[in-house]
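The values are calculated or read from the model by the stated rules, or taken from the named source; none is laboratory data. Bear in mind that the values here come from a model prediction, so they are computed numbers and not experimental data. A quick note on method: Cβ atoms are made from the backbone with ideal geometry, for glycine too, and the neighbour counts reach across all protein chains shown.
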Amino acid sequence: MDLSKLKPAEGATKKEKRIGRGQGSGRGGTSTKGHKGQKAQAGYNRKRGFEGGQTPLVRRLPKFGFTNPTRVEYKGINLDAIQTLVDSKGIQVIDPAVLYANGLIAKNDKLKVLGRGELKGKVDISAHAFSATAKAAIEANGGKAETILSVVDKAEQEKKA
């Protein structure tokens, strides 16, 4: 095989449309832009959502809702998923690092253990939050449900002390 003879497949490339190169080219004069008007001028760039001067949809619709800037988003993991992990890997101590290593959460996710499913044995779990049913189920089997404090929570506790 000779690399100097490589070329694209037949029909894979098209010739560039050369505009504004004289009347003889067939694309001279107005350069395929019609006559006058906003879109024929240099530097034309239509804004996103522009509807030709009509009030755009985004301005016709009302604003609503509220985004809480202090909301904490948790990634929920149910007890049945933890039991599956214990059965397959034989792990007895679960924390966010273990769940991250097994692809159940992302690196910076805050973890909340939820109560769907059941545990068959003693498992120690560290998470940022627990539902009441999950905590009861873990402690009923002799395991520990340890809450991990975030940097903000630690700072608040130090202020109180």
* Given the residues Tyr74, Tyr44, Tyr100, which is the only one that is in contact (Cβ under 8 Å) with a residue 12 or more places away in the chain, more than 21 Å from Glu139 (Cα to Cα) and surrounded by 10 or more Cβ atoms within 10 Å (Cβ to Cβ)? -> Tyr74
* Could you tell me whether region 134-141 includes any residue that is under 30 Å from Lys33 (Cβ atoms), exposed (fewer than 12 other Cβ atoms within 10 Å of the Cβ), at pLDDT 90 or above and among the hydrophobic types (A, V, I, L, M, F, W, C)? => no
* Does region 103-130 hold any residues that are in a loop (DSSP other than H, G, I, E, B), without any contact (Cβ under 8 Å) to a residue 40 or more places away in the chain and not acidic (Asp, Glu), and which are they? -> Gly103, Leu104, Ile105, Ala106, Lys107, Asn108, Gly115, Arg116, Gly117, Lys120, Gly121, Lys122
* For region 5-53, enumerate the residues that are in contact with a Gly (Cβ under 8 Å, 6 or more places away or on another chain) and not aliphatic (A, V, I, L, M). => Gly20, Arg21, Gly22, Gln23, Arg27, Gly28, Ser31
* To do: Show the residue pairs that are 6+ apart or on different chains and have beta-carbon atoms under 6 Å apart, the first residue being within region 1-30 and without any contact (Cβ under 8 Å) to a residue 24 or more places away in the chain and of a type in the set (D, E, K, R), the second being assigned to a loop (DSSP other than H, G, I, E, B) and surrounded by 10 or more Cβ atoms within 10 Å (Cβ to Cβ).
  => Arg27/Ile19
* Filter pass, Val86 being exposed (fewer than 15 other Cβ atoms within 10 Å of the Cβ), touching a strand residue (DSSP E or B) at 6+ places or on another chain (Cβ under 9 Å) and either modelled with pLDDT of 90 or more or closer than 26 Å to Glu139 by Cα (or both) -> no
* If you take the residues of region 5-41 that are in a helix (DSSP H, G or I) and within 44 Å of the chain's Cα centre (by Cα), which of them is surrounded by the most Cβ atoms within 10 Å (Cβ to Cβ)? -> Ala40
* Asked: Of all residues in region 42-55, which are assigned to a loop (DSSP other than H, G, I, E, B) and at pLDDT below 95?
  -> Ala42, Gly43, Tyr44, Asn45, Arg46, Lys47, Arg48, Gly49, Phe50, Gly52, Gly53
* Looking only at region 142-161, and only at residues there that are among the polar types (S, T, N, Q) and not in a loop (DSSP other than H, G, I, E, B), the one that is surrounded by the fewest Cβ atoms within 10 Å (Cβ to Cβ) -> Gln157
